[in-house]
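Here the structure is laid out as structure tokens; the discussion comes afterwards.
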Amino acid sequence: MKYNNSTNAFVESQELIPGGVNSPVRAFKSVNCNPVFFDYGKGSKVYDIDGNEYIDCISSWGPLIFGHADKKTQSKINEYLKRGTTYGAPTVIESEMAKKIIEFVPSIEKVRMVNSGTEATMSAIRLARGYTSKNLILKFAGNYHGHGDSFLIKAGSGAMTLGLPDSPGVTRNTAKDTVIAEFNSIESVSEQFKKNPDKIAAVIIEPVAGNMGLVESKKDFLVELRNLCDQNNSLLIFDEVMSGFRLSKGGAQELYNVIPDITTLGKIIGGGLPVGAYGGKSDIMDYLAPNGPVYQAGTLSGNPLAMSAGLSVLNRLDEKLFDRLELISKKIHEGFLQNINETGTNAIINRAGSMMTMFFTNNKKVENYNDAITCDLKKYAKYFKSMLDQGIYLPPSQFECMFISSVYSENDIKKIIQSNKKSLVSIL
Ligand SMILES: *Cc1c(COP(=O)(O)O)cnc(C)c1O
């Protein structure tokens, strides 16, 4: 494949935009090649500015569950676009959106809309701190909750591959209000509760983590986490920005049947436009202004254009869709496993529904951050490039997941599996 136009576009963008990109992982740094610039998408495919075609295995990091340029989403957006995009004042569609979220997500009785996942998590911990009158936040190594200062400590994906475990610019005073525990280790959590008695406002977790590659929580772990939070009067926050509406209508909390106090949402909820949300029990959410003392606001929050895109997607989430996603993802998973066996590659696969990561590691399991960092990043980089050259667009980092969409054809699935085999052979 030729990438001349993308290469030139990257030369120019680097003079204008820091690193040439508006979000670090897009620069392809950890896979040692230049990024591809996209022109348009249609269904399961994306097309770059050199005219190359790819099967998209990222779905814009999750949102595009119905693929690119989805007709139904577009027509809903158009309907609202014609009437004006924002009023900075309430609209009825915001209540429609809230109703849908409350219907789907078990823990949510009231919900506030924001414009990104980062905003949702930042607001959620402010609310938790205000509500509990405590200062500390406990997070897990390798979990990512957006780029808020309090979260840029052992933060997974971007920071992990770039070797920036802590970002300069985050003050020491902010960093010391975040304590870290090990994912899937309840002992490490109770240790922090013992060390910091009556100080931890909230525990925040990706119940199915997607930012150190795909790593699921163990069921017992989440149940015990819920108990520990109750015993210590700390709130439990599930960051379901990735898992929400993707693993099931109600997210990971529905699958695990563990109910958090606050849930943060993003990605799919915007149907491809910038949206985030956080919600929970009414008495906690009513602690927000204008009812309560904790302040949080947004000029474009809940704007009807974004709500229309998101609602169009949420309204079409049903059992049939999740069955289809499972079927497609299972085929790809099984195909990859067979390829791993046949080529004798040292790799394992973690998958939860339509989120999946192939880890190049000698480990038998990847259950936490320390397991994830045993991966052979050079091998992943070669694998990524080889797949790209065959027209398969994978996450440009070992520590991200594939996000499979519901519009893959049988041919797409076949091509993904065959290309995977060729790539594994080529990097042996
Ligand atoms: C993507 C992500 C975020 C941040 O959302 P943005 O919309 O990128 O700000 C937060 N938490 C999780 C779990 C995410 O995957």
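The values are calculated or read from the model by the stated rules, or taken from the named source; none is laboratory data. These numbers were taken from a predicted model, which means no experiment stands behind them. As a convention, Cβ positions derive from the backbone with ideal geometry for all residues, glycine included, and neighbour counts pool all protein chains shown. These area figures cover heavy atoms from the full protein model, side chains too; ligands, DNA and RNA do not enter into them. Shrake-Rupley method; radii C 1.70, N 1.55, O 1.52, S 1.80 Å.
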Reported set for region 252-270 where residues are within 11 Å of the ligand (Cβ to nearest atom), not hydrophobic (A, V, I, L, M, F, W, C) and not in a loop (DSSP other than H, G, I, E, B) is THR264, LYS267, GLY270
Out of (1) open to solvent by less than 10 Å² (accessible area, probe 1.4 Å); (2) within 17 Å of the chain's Cα centre (by Cα); (3) more than 16 Å from the ligand (Cβ to nearest atom), the one LYS249 does not meet is (1)
Note to self: Would you confirm, using the coordinates I've provided, whether PHE140 is of a type outside the set (D, E, K, R), within 24 Å of ASP318 (Cα to Cα) and open to solvent by less than 20 Å² (accessible area, probe 1.4 Å)?
What the structure shows: no
Log entry, pairs with first residue in region 344-364 being farther than 17 Å from PRO207 by Cβ and in contact (Cβ under 8 Å) with a residue 24 or more places away in the chain, second being in a loop (DSSP other than H, G, I, E, B) and open to solvent by 20 Å² or more (accessible area, probe 1.4 Å), beta carbons closer than 6 Å, six or more apart or on different chains, reads ASN346/ASN362; PHE360/ASP376
In the set LEU273, LEU236, the lone residue that is in contact with a Leu (Cβ under 9 Å, 6 or more places away or on another chain), free of Cβ contacts under 8 Å to residues at least 40 places away in the same chain, within 16 Å of the ligand (Cβ to nearest atom) and not in a helix (DSSP H, G or I) is LEU236
Expected single match for open to solvent by 10 Å² or more (accessible area, probe 1.4 Å), over 30 Å from GLN74 (Cα atoms) and within 20 Å of the chain's Cα centre (by Cα) among GLU224, GLU216 is GLU216
Review point. Hey, does region 107-120 have a residue that's in contact (Cβ under 8 Å) with a residue 60 or more places away in the chain, open to solvent by 70 Å² or more (accessible area, probe 1.4 Å) and either assigned to a loop (DSSP other than H, G, I, E, B) or closer than 22 Å to GLU206 by Cβ (or both)?
Key: yes
Exactly one of LYS42, LYS82, LYS76 is surrounded by fewer than 20 Cβ atoms within 10 Å (Cβ to Cβ), farther than 26 Å from CYS401 by Cα and more than 18 Å from the chain's Cα centre (by Cα), and that residue is LYS82
Within region 197-233, the residues that are more than 14 Å from VAL258 (Cα to Cα), part of a loop (DSSP other than H, G, I, E, B) and within 16 Å of the ligand (Cβ to nearest atom) are GLY210, ASN211, MET212, GLY213, LEU214
| Hey, LEU228 of a type in the set (A, V, I, L, M) and free of Cβ contacts under 8 Å to residues at least 60 places away in the same chain or not | yes
The correct count of residues that are open to solvent by less than 20 Å² (accessible area, probe 1.4 Å) and in contact (Cβ under 8 Å) with a residue 40 or more places away in the chain in region 404-428 is 11
Residue check: is LYS281 assigned by TED's automatic domain parsing to the domain that holds SER95, at pLDDT 95 or above and either surrounded by fewer than 20 Cβ atoms within 10 Å (Cβ to Cβ) or aliphatic (A, V, I, L, M) (or both)? yes
The number of residues in region 339-367 that are among the polar types (S, T, N, Q), outside any helix (DSSP H, G or I) and open to solvent by less than 20 Å² (accessible area, probe 1.4 Å) is 4
